[in-house]
Amino acid sequence: MGNIKPAGDGKPSPESLFRRWARLIIAFLFIVLTVYLAPNLEKIPGVGDQITTLRESDIEVGAWYYDDVEKYFEAEKYIREKRGLDYPLN
Amino acid sequence: MAENPQPDKVFKETRVSMVSQMGKTEDWWAIWLAGLFFVAVTASCFIWKPPVEELPQYRAIMNQEMEEAGFRTIAYTEAESKINSIRARNHGFTKVMRNITERPKKWTTNPIQAFYMSEEDAAAKRAAAAGRLETAEEKLKQARTRAEQAENAARTAQFQDQQLNQEARAAIAEWRSVKSGHSKAKSAANAKAYNLIPSLFVLGIVMAIFFAIGGKFIGFNLKEYFIGFPVIYLLTIISYMLGNQANFKAIGISYVLFAIFIGLLIANTTGVSKSIKTAGQTEFFIKTGLVLLGARILFGQIALIGIPGLFVTWFVTPVVLITTFWFGQKVIKMPSKELNIVVSSDMCVSGVSAAIASASASGAKKEELTLAIGMSMIFVAIMIFVLPTIANITGMHPVWAGAWLGGTVDNTGSVVAAGELIGYEAMVVAATIKMIQNIMIGVIAFGVAAYWCLKVEPEKACKPGETPMKLSVGGAFFEIWYRFPKFILGFIGASIIFSIMQAGISPDWGHAMVEEGILSLANRYRGWFFGLAFVSIGLSISYQELKEPLRGGKPLILYVFGQSFNLVLTLFVAWLMFMVIFKDITEQLMLGA
């Protein structure tokens, strides 16, 4: 990212200080509200049950690299066992 | 009045000597810092070494049991558990370095639990899990007795009776499965009180000093940097905390999205101070994190699922990547090649990790990376529910479905989640295919960097309308070397060194010292470095800049085209490989399922 410069290139809006802070606070309240409502995601018809399954399985769904996902190592072990790749190792 | 630029001044490049670059640029300092990290962690793992000398004796037991019985006996399983428990990360200073990197924990309704749990709450948790543990212990005892009886019967027949062998194999498999359930129950029943505040405080100081070392040479204003860093770090902690809310976590809304979003909010409302601008060193954090990530690209793992796995990943992925990039350039005429390659690799390689690597390799803008990550996360949240539903309704074979998910859903965590919604075998295959695809990002980053410095950058450096100079082989090599993003050398170097180290003395040693030692720590620190980077990205973008690449909806068209092509091609190739040509591998994977 050759064009990335230190943070803050984005200029703040030309509104008054009060309005800018008010917008920030409203946005944070929105985040708080979203967090507060998050447990209700499981009540959504259709996907609610699937969300419950994933929550209970404790999978790191948002993890973006394989070594952040504990289940991956379980999967690797399973594949090695089934394909006879782990015997004999030495 | 706008002046006409003087062509010879505008397009002339000032070349900086390599020695100067090595001491003053982020690319090189990312390598030096990651190198320093690896040296320190490796030294710690060797000084406070786990009992690796015991590994051969456990492995000998396993080999002897396998030789004798032809299947995994009780003694084999116990020796295997001993091997798995030997981990460098649990010893001495390595343990201390790892413990301070603890991220905010998962919570449901009370965010304080992300950081703190009192002794009373822990006791309540233990009490709640005590009943489950008791049941699990009883089950384990019974399963163990059945396994012992079956194995003894088979052993008495010197493992010559196939019927008894089969019974023993089944009883031991059941015991192993119950054992795993027991471990989970035990861990819940051993809930301990925690307070992450002190360790987070120490980690903040460690990371601030770590990056300041490079910053001093690169030319940071260190006073401003040390004032601004705590703010960036605090926002990173908040992002992790939000991303660990149980339901957000379940649908894949991770800290990445929160970090960028919070940064964006602040930058576009109150604005950010000079000190925060100085501390938000996006590129430096990302490049250092990427070099640490390189160590996890272990080439020994690519053959795990055989030729069909390689074909689904290393054939389909480049085909989709090149086709999507071509479509972006020639058909919809994307305004930015960098945005095109970042969206294309994010979509068809491995999501966020590939987006970061190709953005860094091509010199993409921060808003282009943000856009690619944002689109990918939205599509992923849909795909983890839609694809398993299609697979379940149509009754796809689990191995075929797993390979399809692994090759198409963007991030590993989401792939595993989608696989889990189909079944265990699908999850296992999906995770493995995605891991092989993850390993590809080293090659992709190298390819993108080489293409950009040989083809794209020289075009930019020419006068308008002029054809870039035709390069000789030697000239091309020099050109690539000069323009190449050097941190990628660190990224690839780390991959080579740790691939060799992992396979080095023995796979068991590699597991105990490299995977469960050095790489385990690299993973933790890398996560924090990327967290700092994502917050810094958000803090440096204005809404206007973000709207610009979205104009005309071209990135969206590109993503939808590429992903549709990917879905169809992967579906076909996975079917051809796992259901037609290499059916034996599919049968192997389903054995006993």
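The values are calculated or read from the model by the stated rules, or taken from the named source; none is laboratory data. Everything numeric in this text was worked out from a predicted model, so none of it was measured. Glycine also receives a Cβ, built like all others from the backbone with ideal geometry; neighbour counts cover every protein chain displayed.
Among the candidates B:Gly592, B:Gly527, single out the residue that is modelled with pLDDT of 90 or more and either in contact with a helix residue (DSSP H, G or I) (Cβ under 8 Å, 6 or more places away or on another chain) or not in a helix (DSSP H, G or I) (or both). Working first, answer last.
Values: B:Gly592 fails: modelled with pLDDT of 90 or more.
Of B:Gly592, B:Gly527, the one residue that is modelled with pLDDT of 90 or more and either in contact with a helix residue (DSSP H, G or I) (Cβ under 8 Å, 6 or more places away or on another chain) or not in a helix (DSSP H, G or I) (or both) is B:Gly527.
How many residues, within region A:52-78, are outside any helix (DSSP H, G or I) and of a type outside the set (A, V, I, L, M)?
Of region A:52-78, the ones outside any helix (DSSP H, G or I) are A:58-65, A:69.
Pick out the ones that are also of a type outside the set (A, V, I, L, M) and you get A:58, A:60, A:62, A:64-65.
Final tally of qualifying residues: 5.
Quick check on B:Arg144: is it in a helix (DSSP H, G or I), touching a Phe, Trp or Tyr at 6+ places or on another chain (Cβ under 7 Å) and over 21 Å from B:Glu67 (Cβ atoms)?
So B:Arg144 passes the test.
Quick check on this structure: which one of B:Leu550, B:Leu591 is free of Cβ contacts under 8 Å to residues at least 12 places away in the same chain and either within 14 Å of chain A (Cβ to nearest Cβ) or out of contact with any Ser or Thr (no Cβ under 8 Å at 6 or more places or on another chain) (or both)?
Exactly one residue qualifies, and that residue is B:Leu591.
For the condition without any contact (Cβ under 8 Å) to a residue 40 or more places away in the chain, of a type outside the set (Phe, Trp, Tyr) and over 30 Å from B:Arg72 (Cβ atoms), what is the one hit in B:Ala150, B:Ala127, B:Ala122?
Of the residues listed, the single one that is without any contact (Cβ under 8 Å) to a residue 40 or more places away in the chain, of a type outside the set (Phe, Trp, Tyr) and over 30 Å from B:Arg72 (Cβ atoms) is B:Ala127.
Has region B:43-65 got at least one residue that is under 23 Å from the mean Cα position of the chain (by Cα) and modelled with pLDDT of 90 or more? If you could, list the steps in order and put the result at the bottom.
So in region B:43-65, the residues under 23 Å from the mean Cα position of the chain (by Cα) come out as B:45.
Cutting the leftovers down to modelled with pLDDT of 90 or more gives us B:45.
Yes, region B:43-65 contains at least one residue that is under 23 Å from the mean Cα position of the chain (by Cα) and modelled with pLDDT of 90 or more.
On the basis of being outside any loop (DSSP other than H, G, I, E, B), at pLDDT 80 or above and facing chain B (nearest Cβ under 9 Å), does A:Leu33 make the cut?
So A:Leu33 fails the test.
Just to check your reading of the model, which residue among B:Ala114, B:Ala185, B:Ala193 is in contact (Cβ under 8 Å) with a residue 60 or more places away in the chain, within 30 Å of B:Gly517 (Cβ to Cβ) and within 14 Å of another protein chain (Cβ to nearest Cβ)?
Selected residue: B:Ala114, the only one of B:Ala114, B:Ala185, B:Ala193 that is in contact (Cβ under 8 Å) with a residue 60 or more places away in the chain, within 30 Å of B:Gly517 (Cβ to Cβ) and within 14 Å of another protein chain (Cβ to nearest Cβ).
Among the residues of region B:164-175, is there at least one that is touching a helix residue (DSSP H, G or I) at 6+ places or on another chain (Cβ under 9 Å), aromatic (Phe, Trp, Tyr) and farther than 29 Å from B:Arg126 by Cβ?
No, region B:164-175 contains no residue that is touching a helix residue (DSSP H, G or I) at 6+ places or on another chain (Cβ under 9 Å), aromatic (Phe, Trp, Tyr) and farther than 29 Å from B:Arg126 by Cβ.
For the condition more than 12 Å from chain A (Cβ to nearest Cβ), within 22 Å of B:Ile341 (Cβ to Cβ), buried (at least 23 other Cβ atoms within 10 Å of the Cβ) and at pLDDT 85 or above, what is the one hit in B:Gly562, B:Gly517?
Going through B:Gly562, B:Gly517 in turn, just one is more than 12 Å from chain A (Cβ to nearest Cβ), within 22 Å of B:Ile341 (Cβ to Cβ), buried (at least 23 other Cβ atoms within 10 Å of the Cβ) and at pLDDT 85 or above: B:Gly562.
Of the conditions (1) more than 7 Å from chain B (Cβ to nearest Cβ); (2) at pLDDT below 80, A:Leu89 fails just one. Which one is it?
Among (1) more than 7 Å from chain B (Cβ to nearest Cβ); (2) at pLDDT below 80, A:Leu89 violates only (1).
Answer yes if at least one residue in region B:417-425 is under 29 Å from B:Ile496 (Cα atoms), in a helix (DSSP H, G or I), in contact with a Ser or Thr (Cβ under 7 Å, 6 or more places away or on another chain) and within 12 Å of chain A (Cβ to nearest Cβ), and no otherwise.
Of all residues in region B:417-425, those under 29 Å from B:Ile496 (Cα atoms) come to none.
Looking for residues that are under 29 Å from B:Ile496 (Cα atoms), in a helix (DSSP H, G or I), in contact with a Ser or Thr (Cβ under 7 Å, 6 or more places away or on another chain) and within 12 Å of chain A (Cβ to nearest Cβ), one finds none in region B:417-425, hence no.
Which is within 19 Å of B:Lys249 (Cα to Cα) and among the hydrophobic types (A, V, I, L, M, F, W, C), of B:Val448, B:Val352?
Answer to the selection: B:Val352.
Which of the residues that make up region A:41-51 are in a helix (DSSP H, G or I) and within 8 Å of another protein chain (Cβ to nearest Cβ)? Can you show your working first?
Within region A:41-51, the subset in a helix (DSSP H, G or I) is A:41-43, A:48-51.
If the condition is that a residue be in a helix (DSSP H, G or I) and within 8 Å of another protein chain (Cβ to nearest Cβ), then A:Leu41, A:Glu42, A:Gln50, A:Ile51 are the ones that fit.
Select from region B:368-380 the residues that are surrounded by fewer than 24 Cβ atoms within 10 Å (Cβ to Cβ) and over 18 Å from the mean Cα position of the chain (by Cα) and list them in ascending order.
Scanning region B:368-380 gives B:Met375, B:Ile378, B:Phe379.
Report, ordered by the first and then the second residue, all pairs with beta carbons closer than 8 Å, sequence separation of six or more or different chains, a first member in region B:271-284 that is free of Cβ contacts under 8 Å to residues at least 24 places away in the same chain, and a second member that is in a helix (DSSP H, G or I).
From residues that are free of Cβ contacts under 8 Å to residues at least 24 places away in the same chain, the pairs are B:Gly271/A:Arg20.
B:Ile232 is checked against (1) within 10 Å of chain A (Cβ to nearest Cβ); (2) farther than 13 Å from B:Ala533 by Cα; (3) assigned to a helix (DSSP H, G or I) and fails just one. What number does that condition carry?
(2)
Confirm whether B:Ala267 is surrounded by 24 or more Cβ atoms within 10 Å (Cβ to Cβ) and within 7 Å of chain A (Cβ to nearest Cβ).
So B:Ala267 passes the test.
Here's the yes/no breakdown for (1) over 19 Å from the mean Cα position of the chain (by Cα); (2) within 13 Å of chain A (Cβ to nearest Cβ); (3) assigned to a helix (DSSP H, G or I):
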position: B:Thr288; (1), (2), (3): no, no, yes
position: B:Ile297; (1), (2), (3): no, yes, no
position: B:Ile307; (1), (2), (3): yes, yes, yes
position: B:Val320; (1), (2), (3): yes, no, yes
position: B:Thr323; (1), (2), (3): yes, no, yes
position: B:Pro335; (1), (2), (3): yes, no, no
position: B:Glu338; (1), (2), (3): yes, yes, yes
position: B:Val342; (1), (2), (3): no, yes, yes
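Please go through region B:408-442 and pick out each residue that is at pLDDT 90 or above and in contact with a Lys or Arg (Cβ under 8 Å, 6 or more places away or on another chain).
Once the filter is applied, which keeps residues that are at pLDDT 90 or above and in contact with a Lys or Arg (Cβ under 8 Å, 6 or more places away or on another chain), region B:408-442 yields B:Val409, B:Val415, B:Val416, B:Met427, B:Ala431.
Restricting attention to region B:251-264, which residues are at the interface with chain A (Cβ under 10 Å from one of its Cβ atoms) and touching a residue at least 24 places away in the same chain (Cβ under 8 Å)? Lay out the reasoning, then the answer.
As a first pass, look at region B:251-264 and keep what is at the interface with chain A (Cβ under 10 Å from one of its Cβ atoms): B:251-258, B:261-264.
Of everything in region B:251-264, those that are at the interface with chain A (Cβ under 10 Å from one of its Cβ atoms) and touching a residue at least 24 places away in the same chain (Cβ under 8 Å) turn out to be B:Ile251, B:Gly252, B:Ile253, B:Ser254, B:Tyr255, B:Val256, B:Leu257, B:Phe261, B:Ile262, B:Gly263, B:Leu264.
Of the residues in region B:153-182, how many are over 11 Å from B:Ala69 (Cα atoms), among the hydrophobic types (A, V, I, L, M, F, W, C) and touching a residue at least 24 places away in the same chain (Cβ under 8 Å)?
So the answer is 5.
Got a number for residues in region B:71-97 being closer than 25 Å to B:Leu140 by Cα and within 13 Å of chain A (Cβ to nearest Cβ)?
Of the residues in region B:71-97, 10 are closer than 25 Å to B:Leu140 by Cα and within 13 Å of chain A (Cβ to nearest Cβ).
Just to be sure before I move on: is B:Tyr225 touching a residue at least 12 places away in the same chain (Cβ under 8 Å) and under 20 Å from A:Glu60 (Cβ atoms) in the structure I sent?
Working: touching a residue at least 12 places away in the same chain (Cβ under 8 Å): yes; under 20 Å from A:Glu60 (Cβ atoms): no.
Here the answer is no, as B:Tyr225 does not meet what is asked.
Go through B:Phe385, B:Phe379 for me and flag whichever is more than 10 Å from every other protein chain (Cβ to nearest Cβ), modelled with pLDDT under 90, more than 19 Å from B:Met435 (Cβ to Cβ) and part of a helix (DSSP H, G or I). Walk me through it before giving the result.
Values: B:Phe385 fails: more than 10 Å from every other protein chain (Cβ to nearest Cβ).
Among B:Phe385, B:Phe379, only B:Phe379 is more than 10 Å from every other protein chain (Cβ to nearest Cβ), modelled with pLDDT under 90, more than 19 Å from B:Met435 (Cβ to Cβ) and part of a helix (DSSP H, G or I).
Go through region B:247-286 and count every residue that is under 23 Å from the mean Cα position of the chain (by Cα) and outside any loop (DSSP other than H, G, I, E, B).
Final tally of qualifying residues: 18.
Determine which member of the set B:Thr77, B:Thr94 is of a type in the set (S, T, N, Q), surrounded by 15 or more Cβ atoms within 10 Å (Cβ to Cβ) and within 26 Å of the chain's Cα centre (by Cα). Write out each step before concluding.
Numbers: B:Thr77 fails: within 26 Å of the chain's Cα centre (by Cα).
Just a single option satisfies the conditions, and that option is B:Thr94.
Please find, within region B:26-70, the residue that is farthest from the other protein chains (Cβ to nearest Cβ) out of those that are surrounded by fewer than 18 Cβ atoms within 10 Å (Cβ to Cβ) and not in a helix (DSSP H, G or I).
For region B:26-70, the residue satisfying everything is B:Trp48.
Looking only at region B:354-376, which residues are closer than 19 Å to B:Leu539 by Cβ and assigned to a loop (DSSP other than H, G, I, E, B)?
B:Ala364, B:Lys365
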